[in-house]
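Just below is one structure, and these are the notes that go with it.
The values are calculated or read from the model by the stated rules, or taken from the named source; none is laboratory data. Just so you know, these numbers come straight off a predicted model, no measurement behind them. Cβ: placed from backbone, ideal geometry, glycine included. Neighbour counts: every protein chain shown. Ligands, DNA and RNA are stripped out before the accessible areas are found, and what is left, the full protein with its side chains, is counted by its heavy atoms. Shrake-Rupley method; radii C 1.70, N 1.55, O 1.52, S 1.80 Å.
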Amino acid sequence: MRSRMNRWFIALLTSLLFIVSMWIPDAGSAGKLPIVRIGIVKDGPPGRLPDVTSLVKEEILKLTSKEFDVRFPEAQSMEGNWEKREIEHSVDKLLADPEVDLVITLGYLATNYVCHKEKLSKPVVAPIVGDARLQNLPLKDGASGVQNLSYIDSFVSFERDIKVFREMVPFRKLVVLVRETMLESIPWLEKKLRQTAHEYTIDVDIVPVQFSADQPLAAFSSDTDAVYLMPLPQLPPAEFRKLIYGMILRRLPSFSMLGGDDVEAGVLASVAPKDQFLRINRRIALNVQRILLGEEASTLKVAFPLGEKLTINMATGRAIGFYPSWSALTEAVLLNEKVERVERRLSLQSAVRESIAANLDLAAENRNVAAGEQVVKQARSVLLPQVDLGAKGEMIDDDRAEISSGATPERAVTGSVTASQLLYDEDSWSNYSVEKELQRTREEQRNTRELDVIRDTAVAYLNVLRANTLERVEKDNLKLTRANLERAQVRVSIGIANRAEEFRWESEIARNRANVLFAQARTRRSENSLNRLLSRPLEEKFVTTETDLRDPLLIVSDQRLFPYVDNPQNFRTYSDFMAAEGLEIAPELLGFDAAIAAQERILQTAKRAFWLPSFTAQGSVSELLAESGEGQRSDSPLDDTDWSVGVLATFPLAEGGGKFATIKRAREELSRIQLEKEATSERIEQRIRSALHQASASYPNIRLSRSAAQAARRNLDLVADQYARGLVSIVDLLDAQNSSLRADQDAENAVYNFLIDWMDVERAAGRFDFLMTLEQREEYFQRLAEFFNKAGIEPIKR
């Protein structure tokens, strides 16, 4: 019985253990992965530069966690205390350590040392390279060609830096600050630095630097023009700040090979990107993985171009009196720039409303209208009562005075008041009527000018948007050219191209930079043009709001419009509608209507001149204020006051045929104005229809241009990939890039071309939709629907 119970218990226990083993992960599974121990050598302890060791470890572990059990023993992480002998000793120790499977050198000297060792007993990944050419690093078929050695060349170049530095600042005497142990480790370095400087006709002083800023500062001679900093990671933060301050105090421009960290600390400029070490981390991990998976380190390609990004510390520039040139600004990132805060914001609608209020041409027209109002008042004033005051002092001969019986004393002073009222005068009433019509003409001329200003402002605003967009396209193309230069550098490094390709891309970069400058100038010109229309200082800055086909203020964004224009029959009817609308409200035609009315009134006056006289009522009172001599009124029965009242009628009986000539002239003038109105009407209708035809072509071109740009971009991506793999030539890539650039420009231009064409449509029709209220827009669509109904056409809603 007990035996049976034991067997049952054992079976139950075995089953439970089996079930548990199915649910609990195999604790020893991690241990089954191959264990790899990696040793790390750094030139020295962490200082002023960020320590990337932990990031390198993290990236490697992340990439290899499913294939290897990678470990970084603390005892195998070593530092050389910035001394050549200690660094080399640390490297040799790890290479000889049987507990280390792979070595990573995270320092310039450690990397240089392993790259020049004749034999490496185990794989080494050496990612921290300064200038591979200056250091004479081994290169064979794009790889190191040295057994167990894989290094990473990011194409940092002293020669490239000097070229960029010279473009920024013209200098003759250059001081190069080099880490002292670097000069010890690379005996030929000083000679190569001098050779490169000599090629650019530069006098150079090589100054070794270790742990103090005093030594290099003391070495600056009075004729020093500029300073170049090789990597100085060993310099303590306080000493580096002291070095920066000393250069600024001497107003010396400086340039760093290391990159963004040095520029942020106060060096004037660098072309090395700030995040270069972060980008290299992934490449380090990939190389480690490939080596662990069995690839020979000597065959791994070394090329890893990080690109160029000119960074300028503007705080340092201001301190030493430097400001970058237009050419430098095409690509430069400016740190500590005094950014002018732009409060002014413009949209299409706000820009137009501002131009209506402030444009000087329109203001002049407004003054002309205001002056015309006074002309009308002047013409009306003749029809109102006229009152004149007069005073007269008079002396006559005594004999006439004596016989006048007091009517005209010998010496007299009189005052008078005369009042007159034009009862009817055809010329005066006609002039008043004509001036009122001419005032309507002036007002319509002002309205015409306003429409022109609105159109010009809208087009100028869209041109600003276009210029900004095309400037961005040119900058993107410049970035692409730099990426292609990096591809060419890789091709050269692996032996499938020669340096002529590098020079060709450098030439292309120069051309692209010139294009960026022209694009920037075009942007400034378009901004000046808009500011002029708004009567603003021409260089005043503003920020624009993007306007495109989705802008709800534009009627072309309203989906209700498209059924009326989506086929030729509907488009013709829509054109008829727009022509009818435009002819009805065109201020040019309304101005002609007023001019015709004025001329008809002139003709009417000319006809009435044959039979209608002028009538005027007049009265006057005069008072004798003083008299003396013979014939005084005091000696006569006359009093001192005289008055008279009367009505005057005048009629020019004969003018030698002038009246007939006036009639004929008035008729001819009327006929001329009517013909001019008809001609203007035809021109307006033609302008409306022509603008609509242009817009009907430019609208579908937006979609076609975008499709072409997308196809050109896909072709460029394909050709660029083939170029990097050596399957096509530089000519093929240049052609693909230029085609893509043109397609991008056409695609961006297409939108603005259509919007400008639509502004021309609305100017021709005499109404701008983005100034309509919602009620006015609803009325517009109601009139449009009614017009189509009368034409017997039903818009097709798709």
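Points to keep in mind about this one:
- ARG487 surrounded by 21 or more Cβ atoms within 10 Å (Cβ to Cβ) and more than 22 Å from the chain's Cα centre (by Cα): yes
- In the set LEU538, LEU530, only one residue is modelled with pLDDT of 90 or more, under 22 Å from the mean Cα position of the chain (by Cα) and closer than 23 Å to ALA695 by Cβ; that residue is LEU530.
- Segment 529-539 - residue that is loosely packed, with under 15 Cβ neighbours inside 10 Å and either in contact with a Lys or Arg (Cβ under 9 Å, 6 or more places away or on another chain) or acidic (Asp, Glu) (or both) and, of those, farthest from VAL352 (Cα to Cα): GLU539
- Residue among ARG783, ARG763 that alone is modelled with pLDDT of 90 or more and surrounded by fewer than 19 Cβ atoms within 10 Å (Cβ to Cβ): ARG783
- Among all positions in segment 394-401, there is no residue which is open to solvent by less than 90 Å² (accessible area, probe 1.4 Å) and within 24 Å of the chain's Cα centre (by Cα).
- Some residue of segment 423-438 being buried (at least 16 other Cβ atoms within 10 Å of the Cβ) and not in a helix (DSSP H, G or I): yes
- Residue pairs whose Cβ atoms lie under 7 Å apart, separated by 6 or more positions or on different chains, with the first residue in segment 540-559 and open to solvent by 30 Å² or more (accessible area, probe 1.4 Å) and the second of a type in the set (Val, Ile, Thr) and in a loop (DSSP other than H, G, I, E, B), are LYS541/VAL342; VAL543/VAL342.
- When segment 83-110 is filtered for residues that are open to solvent by 30 Å² or more (accessible area, probe 1.4 Å) and either without any contact (Cβ under 8 Å) to a residue 60 or more places away in the chain or within 20 Å of LEU183 (Cα to Cα) (or both), the ones remaining, listed by number, are GLU83, LYS84, ARG85, GLU86, GLU88, HIS89, ASP92, LYS93, ALA96, ASP97, PRO98.
- In segment 326-348, the residues that are in contact (Cβ under 8 Å) with a residue 12 or more places away in the chain and either open to solvent by 50 Å² or more (accessible area, probe 1.4 Å) or of a type in the set (Lys, Arg) (or both): TRP326, VAL333, ASN336, GLU337, LYS338, GLU340, ARG344, ARG345
- Being surrounded by fewer than 16 Cβ atoms within 10 Å (Cβ to Cβ) and either at pLDDT 95 or above or at positive phi (or both) holds for only one residue in ALA711, ALA661, ALA679, ALA649, and it is ALA679.
- Filter result for LEU177 (in contact (Cβ under 8 Å) with a residue 40 or more places away in the chain, within 18 Å of TYR245 (Cα to Cα) and either out of contact with any strand residue (DSSP E or B) (no Cβ under 8 Å at 6 or more places or on another chain) or surrounded by 20 or more Cβ atoms within 10 Å (Cβ to Cβ) (or both)): yes
- Strands (runs of 3 or more DSSP E) (entirely within segment 195-256) containing at least 3 residues that are of a type in the set (A, V, I, L, M, F, W, C) and at pLDDT 90 or above: 203-209, 226-229
- Here ALA371 clears all of (1) surrounded by 12 or more Cβ atoms within 10 Å (Cβ to Cβ); (2) out of contact with any strand residue (DSSP E or B) (no Cβ under 8 Å at 6 or more places or on another chain); (3) modelled with pLDDT of 90 or more except the condition numbered (1).
- Test set (1) out of contact with any Phe, Trp or Tyr (no Cβ under 9 Å at 6 or more places or on another chain); (2) open to solvent by less than 10 Å² (accessible area, probe 1.4 Å) - TYR113 fails condition number: (2)
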